[in-house]
Every structure is written in structure tokens, then in C-alpha cells.
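Worksheet for the structure shown next.
The values are calculated or read from the model by the stated rules, or taken from the named source; none is laboratory data. Owing to the predicted nature of the structure, the values given are computational and were not obtained by experimental measurement. Please note: Cβ atoms are built from the backbone with ideal geometry, for glycine as well, and neighbour counts cover all protein chains shown. Remember, those area values only see protein heavy atoms, side chains included, never the ligands or the DNA or RNA. Shrake-Rupley method; radii C 1.70, N 1.55, O 1.52, S 1.80 Å.
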Amino acid sequence: MPTVAGPAERTAYAEQLLKEVSEALHPHVVSEFAASLDARDPGRPAPSLPCIGDVPADPGLVLALTTAWAALEGAAAAVVLRAAGHEWELHTSVRPVLEALVSGARLTFGDLAERSGLTVEQVAALATELVSKGVAAVSQPR
């Protein structure tokens, strides 16, 4: 930044800066910024002990995301979850589970199954995948 330059140099610098910033802005810049934050945010480490490996299909277990930067996208064919630098393309039947988790809810497998029409076993399979990537944690109800 030409702080000690004359008025002409400062004006030229400001005009060049304005041009570069304007060129960098486009309709998807906010989405790209959010995706960049997501890719770098590892979440809040939370152990899912004793659930290491496959998460049991226990309707009383609680599932919650461990990252603050999670997003859902997708249309009728599939739903895409982006969280902690990972991306999953999943069947739309899991959308109610993912919507609840992305909103910050901590719900039991039984509640998630009831909201979505999935079985507790299907919720546990989804939980296993999310926990294995460090995106979610499983715990006992408080």
C-alpha cells in the first residue's frame, strides 16, 4: 500500500485494488467462501466411546454433529452433506436426519428414525459413516 506515495500513486493503487476486488467477486463467492471454511474446519473433536468402529443400532444413543460448518444441498435425486472437509451424496430418505443434525439438534437414533421413516439400523449405519470421518459423535442421553 503506497502510504508515503503522492496522490496520483495512491489513486492509481486504489483503482487497481478496486478492479482486482471487482473481478474476484461473482454470484457464487459467498458459497465458495463457506466451502473453504468448511474444508479447513476440523470440527470439535468428540470421542464416541465406546462406539469405535460400527455404531450399534441402539434407539437410545444420541447423535450430534461435531462441526459448526455443515451444509445440505441437493434436489429430488440425492442430498449432499458437506461437513468438516468431507462430502457425501446420499439418498433423499436421509434428508430429515441430516436437516435435524445440521440445525444443531442432538437426537436419539429412535427420534431420528421416527422423523425420517428410516430404521434405527439405517440411522446407525449413517452414524457409523459420520463418526468414522470425525463429523459426528455418538453419546448416551444426558
Charges only on Cβ, +1 for Lys and Arg, -1 for Asp and Glu: so what's the dipole of region 85-135 about the Cα centre, in debye to the nearest 20?
120 debye
Which residues in region 95-131 have a backbone N closer than 18 Å to a point placed 7 Å from the Cα of A71 along the Cα-to-Cβ line?
98-104
With a ≥ b ≥ c taken as the square roots of the eigenvalues of the C-alpha gyration tensor of region 63-142, please select rounded if a/c is under 1.5 and otherwise prolate if a/b is larger than b/c or oblate if it is not?
oblate
So for the chain, taking the charge dipole from beta-carbon charges (+1 Lys/Arg, -1 Asp/Glu), which of V131, L81, G104 sits furthest toward the positive end?
G104
Gain in span if fully extended, S31 to L17, counting 0.36 nm per residue against the direct Cα distance:
2.8 nm
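Within the chain, what whole-number % of the accessible surface is contributed by carbon and sulfur, with the 1.4 Å probe and all protein chains included in the calculation?
Details: 5130 of 8700 Å².
The value for the chain is 59 percent carbon and sulfur by accessible area.
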Using a 1.4 angstrom probe, figure out how much accessible area the chain has per residue, in square angstrom, rounded to the nearest whole.
61 Å²
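Quote the FRET efficiency, to the nearest 0.05, computed for A78 versus S103 with a Förster distance R0 of 30 Å and r equal to the Cβ-Cβ distance.
Values: r = 20 Å, r/R0 = 0.67.
The pair A78/S103 has a calculated efficiency of 0.90.
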In nm, what is the difference between 0.36 nm times the number of residues separating R115 and D58 and their Cα-Cα distance?
18.9 nm
